[in-house]
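A short worksheet on the structure shown next.
The values are calculated or read from the model by the stated rules, or taken from the named source; none is laboratory data. Because the structure is predicted, anything quoted here is derived from the model rather than measured. All Cβ positions, glycine included, derive from the backbone under ideal geometry; neighbour counts span all protein chains shown.
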Amino acid sequence: MGKILAVTNQKGGVGKTTSCINLAASLAATKRRVLLVDMDPQGNATTGSGVDKHELERSVYHVLTGQGSIHDAIQKPEESGYDVLPGNADTTAAEVELMTMEGKETRLRDALAEVADRYDFILIDCPPSLNMLTLNALAAAEGVIIPMQCEYYALEGLTALMETITGIRQTINPRLHIEGLLRTMYDPRIGLTNEVSRQLISHFGEQVYRTVIPRNVRLAEAPSHGVPVLNYDKNSRGAIAYLALAGEVVRRQDKVKGLNTERKTAS
Ligand SMILES: Nc1ncnc2c1ncn2[C@@H]1O[C@H](COP(=O)(O)OP(=O)(O)OP(=O)(O)O)[C@@H](O)[C@H]1O
Ligand SMILES: [Mg+2]
């Protein structure tokens, strides 16, 4: 079954969508089968993967509200190399409709269960808030990737997110864990960046990915061409960083798989 990872941080503009798109493309480049789920009504992950968010016959909206099957909603944009469950502004309506539905927090989890076997990784791009859409992502996921900029307020926001994750683990999803904290838009010339980075590592240790994503204009330009940075400028510092991150994500996954096999053989 595919490993489901939610890319989340309630703080806006920290690089969630950029990380989702480019990690998906980099994992696909290493021959992993990947699905990207766009849970953000802004639909940026959809557009940035080469899918027109204004022309969706079926989307996350239909899947969450039970009006369509996930099989019909998934698209396979050729250029990006991974599959996309697209979303757009309609997802806002889904959030409202979910409120009165049974199993409102687990609709995404149930839908993904139908396709999880087909993928090695499923990445969920979350909106910048801790709303019902994010809760659906956290209920479906096994791990959480938290992109963050190393600035003063970053650590403060992290506390609220950690509390939410603990709450979800105690209720709807006991297996949820922090997969990794990802330092984005990293600029070592800024003194504060290094200081916050140090604090992050002293608090979270191994949970902080070794790979840092540099501030790189190619990463900001690629979405306007509807492609991941690998298809836009594969030699850019941004493309190389996300390939390194994919390597780290895969190694962590292989390590866990290895441990599980050891446990099974031992028991
Ligand atoms: N490493 C980077 N270098 C340069 N620009 C970046 C980088 N990462 C992201 N950006 C740019 O910063 C902006 C915010 O990034 P992004 O959309 O990925 O953040 P987000 O967390 O998904 O935002 P939101 O909270 O609105 O969903 C975008 O314009 C994006 O192109
Ligand atoms: Mg986003």
Residues of region 63-95 classified as in contact with a Lys or Arg (Cβ under 7 Å, 6 or more places away or on another chain), among the acidic types (D, E) and either at positive phi or in a helix (DSSP H, G or I) (or both), total:
1
Given (1) more than 21 Å from D120 (Cβ to Cβ); (2) in contact with an Asp or Glu (Cβ under 9 Å, 6 or more places away or on another chain); (3) more than 15 Å from ligand 1 (Cβ to nearest atom), index of the condition Y232 fails:
(3)
I need every pair where a residue in region 214-234 that is in contact (Cβ under 8 Å) with a residue 60 or more places away in the chain and at positive phi has its Cβ under 8 Å from the Cβ of a residue that is more than 9 Å from ligand 1 (Cβ to nearest atom) and assigned to a helix (DSSP H, G or I), sequence separation at least 6 or different chains.
G226/T47
For region 36-49, check the following and say yes or no: at least one residue is among the small types (G, A, S), farther than 17 Å from E179 by Cα and away from ligand 2 (no atom under 16 Å from the Cβ).
no
Which count do you get for residues in region 187-223 that are modelled with pLDDT of 95 or more and either within 15 Å of ligand 1 (Cβ to nearest atom) or in a loop (DSSP other than H, G, I, E, B) (or both)?
14
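Yes/no matrix, rows are residues, columns are (1) under 19 Å from the mean Cα position of the chain (by Cα); (2) buried (at least 17 other Cβ atoms within 10 Å of the Cβ); (3) not acidic (D, E):
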| residue | (1), (2), (3) |
| --- | --- |
| I168 | yes, yes, yes |
| R189 | no, no, yes |
| L192 | no, no, yes |
| R198 | no, no, yes |
| V208 | yes, yes, yes |
| P223 | yes, yes, yes |
| V229 | yes, yes, yes |
| Y232 | no, yes, yes |
